[in-house]
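Rule-based calculations on the coordinates, nothing more; no lab input. If you're wondering where the values come from, they're calculated on a predicted model, not measured in any experiment. Counting neighbours? That spans all protein chains shown, and the Cβs are built from the backbone with ideal geometry, glycine included.
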Amino acid sequence: LIFDDGLGTVALGLNLQLSSNGLQSAESIKSLRGTRESLALTDEGNSFGSDSELNGYTSERQTDKYGFIGGAQQYSEQSAEDIPPEVLRQREAKWLDMLNNWDKWMAKRHKKMKLRCQKGIPPSLRGRAWLYLSGGKVKREQNKGKFEELDRQAGDPKWVDVIEKDLHRQFPFHEMFVARGGHGQQDLYRVLKAYTLHRPEEGYCQAQAPIAAVLLMHMPAEDAFWGLVQICEKYLPGYYSVGLEAIQLDGEILFALLKRVSPLAHRHLKKHKLDPILYMTEWFMCAFSRTLPWASVLRVWDMFLCEGVKIIFRVGLVLLKCMLGSQDKLKTCQGQYETMELLKTIDTRYMLEGFLVREVIIELPLSERDVEKEHLAQLRRWKETRGELHCKSPPRMHGAKAIMAAEPPSRQDLRQNPTIIVESSLATNKNVEGQEEDKARIKTKEQKNGKKTGTPVASNPEPSDISTKPTPPIKDAPLQGSNQSLISTEHDTYL
Amino acid sequence: MAYAYLFKYIIIGDTGVGKSCLLLQFTDKRFQPVHDLTIGVEFGARMITIDGKQIKLQIWDTAGQESFRSITRSYYRGAAGALLVYDITRRDTFNHLTTWLEDARQHSNSNMVIMLIGNKSDLESRREVKKEEGEAFAREHGLIFMETSAKTASNVEEAFINTAKEIYEKIQEGVFDINNEANGIKIGPQHATTNSTLSGSQGGQQAGGGCC
């Protein structure tokens, strides 16, 4: 077994911890749900509890399977759907194969890769997959030592001050970020500060923090930094720049697209003078990470990092259409404030993983060209009404393929750099064979062979112990863990 | 619920001065030190009574970081009152008041009532801005002034309610054109069904009082 850059270790640790979560009694799950509901009642929008409630959680340390204390990120568990472990194992094998042959997959089988992103990336490989999709992996390889260098430098006090004030205000109910000065907040600081040094002309925008935090939940600081760089420069260029023109322009684009998707919703918003930036700023700038149930956030990000910003537009359009798309619904929200309130408290059923992903993939075939066409039209309008843009952003890249084409990596850049290799592959193979069907097994072997050409570095006794001992409890631990939790998907679309 | 008037407020000021905490203290009567950073806009609403009339306050809470200014501007539209907040323990948040005020004056209607708030008055030992300085600034710019603590709830009610009183007086004086919603004031539903005799009688009053 090979562990990549410490990520594997992270995933393993998570699995073990999750499996213990999976054993929670029905009673304790029920009590968690209760708190969640009471939270939702006490607070509009983001359902976070009061100080005393938080203290209650921290002492109990009850986290949901995503690490949110007391399921604070809106209805996460109810919305996630379980996948059988065998399917999960197959998917992991397929993703390992893709990661090992990334350039080939991108060049020749991109459609299939897209499909797999739509079906959901296996949680154990999500961080690595995101880094590859975003091009962050290539950036990291081509700029070796860069992050370390930025990390060592002192930041501009102007930015450092603001960043420090924000550290405890990012997913404050996620176990990683709950402790003041804890490792999550420290890494968040490092990543955001490094960005201000990397792009001093942009500095720090508060909406970057949730993006960085989501990445940090899945990868180490250096990787999260490059992921953030890619999102800010390739996926959402200009969003976090002074003046926030790009987000305003995208607001106009969204509104124009809505006219086609739901004329009724469009008319309603227009009638009540609801400027798009009133409702879409947080959605788009944080890539829905603060809006949707967590299972849905992950699935949206899987697709977003593969296909680009059109996914964000689609999600926005789905939500607007669902919330404002019928006369019935509009009757109850006559007025600007009422409409805003409605859009702040989106009906959970429209945000559930299965429903949302289906809508985004099937019901809303909005293409890159549609977005680009509307972009040009709105840009023209902007220039007519408001003059030239003050901030010239680089062109937007629509997803992983475009990014890779724009900056072609060398083979070397794509190679996985294992930091831990466990030599006794026989024992592990047996272990794997016992559980998986033939097809998947062959792929796993293939990827293992491929891996051997990589650079073996060190071996770590701890993970090797775990992976080589085929004793049932340990062998089952990650399996059970991922089955009970983490993974999120529509149940009718297995690979 | 029936109300005689609805006032729209906006809360502005530098990041981290306690805007969201003030709002939460006013609407929910609780202090929550751990919360998500405001990106874009958040809301709250509460009913208050002035002069025997039910008034609904609809409060828009904004992002404080400078880069969000261009967006915050669009929230000023149609606000009857603004709470301009600084942090008494951070001099820079006080120094930025002028630019906030310029922004507010430029993008709102001219009658908007502005309340200057020096928040975090519970942190006396860390005070960097004297109360007199806040008062002087308010006097100079024609604002109402108060020091509050979102943590202890000191003066929070008063800050929101005094602003409403000022708006209400302006309505009585005929300064506000209440038929123009762009002023941030709405007359309540005149034929609203009410569930208490008290507000029922107010509903009647308000139907007659539409002339001001």
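To the nearest whole number, what is the average tally of beta carbon atoms from other chains within 10 Å of the beta carbons of peptide A:337-348?
Average per residue, whole number: 2.
Calculate one ³J(HN,Hα) per residue across the range B:58-65 by plugging θ = phi - 60° into the Karplus curve 6.51 cos²θ - 1.76 cosθ + 1.60, and present them in order as whole Hz with x for glycine and proline.
Here the 3J(HN,Hα) series is 10, 10, 9, 9, 10, 7, x, 5 Hz.
DSSP beta bridges in the range B:3-185, what fraction antiparallel, as a percent rounded to 5?
Beta bridges within the range B:3-185, antiparallel portion: roughly 30 percent.
So what's chain B giving for Cα Rg divided by 2.2 N^0.38 Å, two decimals?
Ratio of Cα Rg to 2.2 N^0.38 Å: 1.01.
Longer than 30 Å from Cα to Cα, which of A:270/B:186; A:108/A:383; A:270/B:165; A:270/A:373; A:158/A:383 are they? Say none if no pair is.
Checking Cα-Cα distances, A:108/A:383; A:270/B:165; A:158/A:383 exceed 30 Å.
Testing the spin-label approximation: label points 7 Å from Cα along Cα→Cβ at residue A:108 and residue A:370. State their distance in nm.
It works out to 3.2 nm between the two label points.
Fewest to most neighbouring Cβ within 10 Å: what's the order for B:117, B:71, A:361, A:312?
A:361, B:71, A:312, B:117
Relative to the longest principal axis of the C-alpha atoms of chain B, give the angle of the C-alpha long axis of helix B:197-208, reported between 0 and 90° and rounded to the nearest 10°.
Computed tilt is about 80 degrees.
Once both axes come from the Cα atoms, what is the angle between helix B:156-173 and the longest principal axis of chain B, in degrees from 0 to 90, rounded to 10?
The helix B:156-173 is inclined about 50 degrees to chain B.
Hey, can you grab everything whose amide H is under 5 Å from the amide H of residue B:13? Only 5+ residues off in sequence or another chain; H modelled, so Pro and N-termini drop out.
Those qualifying (amide H under 5 Å, at least 5 residues apart or on another chain) are B:85.
Would you work out the charge dipole size for chain B about its Cα centre, treating the Cβ of every Lys and Arg as +1 and the Cβ of every Asp and Glu as -1, and quote it to the nearest 20 debye?
360 debye
How do A:382, A:301 rank when sorted from fewest to most other Cβ atoms within 10 Å of their own Cβ? Walk me through the numbers on the way to the answer.
On the way: A:382 16, A:301 27.
With the fewest neighbours first, A:382, A:301 line up as A:382, A:301.
Mean separation of Cα pairs under 8 Å and 6+ residues apart, divided by the residue count of the range B:3-185: what relative contact order is that in percent?
27 percent
Describe numerically, in nm with one decimal, the distance between label points set 7 Å from Cα along Cα→Cβ at residue B:49 and at residue A:362.
5.5 nm
Pop a pseudo-label 7 angstrom from the Cα along the beta-carbon direction at both residue A:153 and residue B:179 and give the gap in nm to one decimal.
6.2 nm
Given the rule -39500 (n - 2.57) for each run of at least 4 DSSP H residues, summed and divided by the residues of chain B, what is its mean residue ellipticity at 222 nm, to the nearest 500 deg cm²/dmol?
Mean residue ellipticity, 222 nm, calculated: -10500 deg cm²/dmol.
Given A:146/B:151; A:112/A:139; A:112/A:146; A:139/A:321, which pairs have Cα atoms separated by over 31 Å?
The answer is A:146/B:151; A:112/A:146; A:139/A:321.
If we count other beta carbons within 10 Å of each Cβ, what is the order of B:141, A:268, fewest first? Mind dumping the intermediate values first?
Values: B:141 15, A:268 20.
In order of increasing Cβ crowding within 10 Å: B:141, A:268.
Computed FRET efficiency, Cβ-Cβ of residue B:105 and residue A:267, R0 45 Å: what is it to the nearest 0.05? Intermediate results must be reported in sequence, preceding the final value.
Numbers: r = 33 Å, r/R0 = 0.74.
So the FRET efficiency works out to roughly 0.85.
Report the full-extension gain for the segment residue A:199 to residue A:350: residue separation times 0.36 nm, less the Cα-Cα distance, to one decimal in nm.
Working: separation 151, 0.36 × 151 = 54.36 nm, distance 3.74 nm.
Full extension of this stretch gives 50.6 nm more.
Relative to the compact globular guide of 2.2 N^0.38 Å, what is the alpha carbon radius of gyration of the range A:152-261, as a ratio?
1.14
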